[in-house]
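*Asks:* Take this structure first; my questions come after.
The values are calculated or read from the model by the stated rules, or taken from the named source; none is laboratory data. Values in this document were obtained by computation on a predicted structure and should not be read as measured data. Using ideal geometry, Cβ is built from the backbone for each residue, glycine included, and neighbour counts are taken over all protein chains shown. Just the protein is used for accessible areas: all its heavy atoms, side chains included, with ligands, DNA and RNA removed. Shrake-Rupley method; radii C 1.70, N 1.55, O 1.52, S 1.80 Å.
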Amino acid sequence: MQTSTLVTVAEYFDLLQKSDIKLEYHAGEVVAMAGAQPAHNRICSNLIYLLEGCLRSGACLVLNSDQLIKIEGCQKYVFPDLVIVCKNPVYEKAPNGLDALENPEIIVEVLSDSTESYDRLEKFDCYKTIPSFREYVLVSSKKKKVEVIKKLSEAEWLSHTYNEKDTAIQIGECAIDLSEIYHKVVFA
C-alpha cells in the first residue's frame, strides 16, 4: 500500500524555492513536472512569438510556462504552457517563492500523450473555477490541430476545432496562421 504525505501551501513554496525543477501543488500533493519533447517546445516558442506580436501594443501580457497560476477553487498551483492576461495582473505574493497569477484570461496547453487526458478533463474543470478565465486553447503536438474553447456563460462553453484544412485560427483578439504555429515543427 502506497501512502503519501500531504504538504501545506507554505511547505510547497519552500520546496518550490529550493527545487531545480517545476513543481505543481495539487490539494496537498506536490507533483514534479517532466520536461517536454522538441515539437512541444517549438510550438510554445512559435505561439509566444505570434501572440506577443499581435498583442504587443495593447494592454495584454503573454506569459510563458514559468508563470505559476493559482486555482483556488481546486487548491492547485500549476504551470500552464502559456497564459494571456489583459486586465491588470493580480498576483498572490509568495513570502518565499514565485508569485502566482490569480486572473488568467486565456490559457494555452500544448498536448502530449502523457498530459492530454488531464489537460482536457480535470485541469479544464479546475480552470473553469477561475472567474477571469474565458478561453482555453488546446494545441496538438502530433498533428496540425488546435481546439479553441470559449466561455459563453458560467455553464456553457463553445468549442471550435481547427485542422490542416484551416489557414487561420482565432485566439482571443488574434488571428494567427495555423501554419505559423507549426513552423519548423517536426512531428514524431
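*Asks:* Do the sum for the chain: with -39,500 (n - 2.57) for every DSSP H run of n ≥ 4, divided by all residues, what is the mean residue ellipticity at 222 nm, to the nearest 500 deg cm²/dmol?
*Replies:* -5500 deg cm²/dmol
*Asks:* Which one, 112, 82, 10, is farthest towards the positive end of the dipole of segment 1-134 when Lys and Arg carry +1 and Asp and Glu -1 on their Cβ?
*Replies:* 82
*Asks:* On average, how much accessible surface per residue is there in segment 12-156, in Å², for a 1.4 Å probe, leaving out ligands, DNA and RNA?
*Replies:* Accessible area per residue, segment 12-156: 50 Å².
*Asks:* Let me ask something else. Give me the extension gain from residue 112 to residue 167: residue separation times 0.36 nm, minus the current Cα-Cα distance, reported in nm with one decimal.
*Replies:* 17.5 nm
*Asks:* Here is a follow-up. Would you work out if segment 24-117 is rounded, prolate or oblate? Take a ≥ b ≥ c from the square roots of the eigenvalues of the alpha-carbon gyration tensor; rounded if a/c is under 1.5, else prolate when a/b is larger than b/c, oblate otherwise.
*Replies:* Oblate shape, in that a/c is at least 1.5 and b/c is the bigger or equal ratio.
*Asks:* Quick check: pseudo-label points 7 Å beyond the Cα along Cα→Cβ at residue 59 and residue 143, how many nm apart are they?
*Replies:* 4.0
*Asks:* While we're here: Please report how many Lys pairs in segment 37-173 have alpha carbons closer than 13 angstrom, counting only residues at least 8 apart along the chain or sitting on separate chains.
*Replies:* Taking segment 37-173 as the scope, the lysine pair count is 10.
*Asks:* Between residue 41 and residue 10, take the C-beta separation as r, use R0 = 35 Å, and let me know the FRET efficiency to the nearest 0.05.
*Replies:* My answer for the efficiency is 0.65.
*Asks:* Can you give the FRET efficiency to the nearest 0.05 for residue 125 and residue 17, using r as the Cβ-Cβ distance and R₀ = 22 Å?
*Replies:* With R0 = 22 Å, the Cβ-Cβ based efficiency is 0.15.
*Asks:* On the accessible surface of the chain, probed at 1.4 Å, how many percent belong to carbon and sulfur atoms?
*Replies:* 51
*Asks:* Can I ask one more? Quick check: residue separation of residue 180 and residue 33 times 0.36 nm, minus the Cα distance between them. What number comes out in nm?
*Replies:* Computed gain between residue 180 and residue 33 is 50.2 nm.
*Asks:* Which listed residue (130, 140, 71) has the Cα farthest towards the positive end of the charge dipole for the chain, taking +1 on Lys and Arg C-beta and -1 on Asp and Glu C-beta about the Cα centre?
*Replies:* Of the options given, the answer is 140.
*Asks:* Quick one: dipole size for segment 58-186, taken about the Cα centre, charges +1 on Lys/Arg Cβ and -1 on Asp/Glu Cβ, in debye to the nearest 20.
*Replies:* Result for segment 58-186 is approximately 140 debye, rounded to the nearest 20.
*Asks:* Just one of (1) 133; (2) 118; (3) 110 is volume of the Cα convex hull per residue in Å³ as worked out from the coordinates here. Which one is it?
*Replies:* Given (1) 133; (2) 118; (3) 110, the structure-derived one carries the label (1).
*Asks:* So what J values fall out for segment 117-128 if you push phi through Karplus, 6.51 cos²θ - 1.76 cosθ + 1.60 with θ = phi - 60°, rounded to Hz, Gly and Pro as x?
*Replies:* 4, 4, 4, 6, 9, 4, 5, 4, 4, 5, 4, 4
*Asks:* Run the quick spin-label model on residue 90 and residue 159: label points 7 Å from Cα toward the beta carbon, then report their separation in nm to one decimal.
*Replies:* Result for the modelled spin labels: 2.9 nm.
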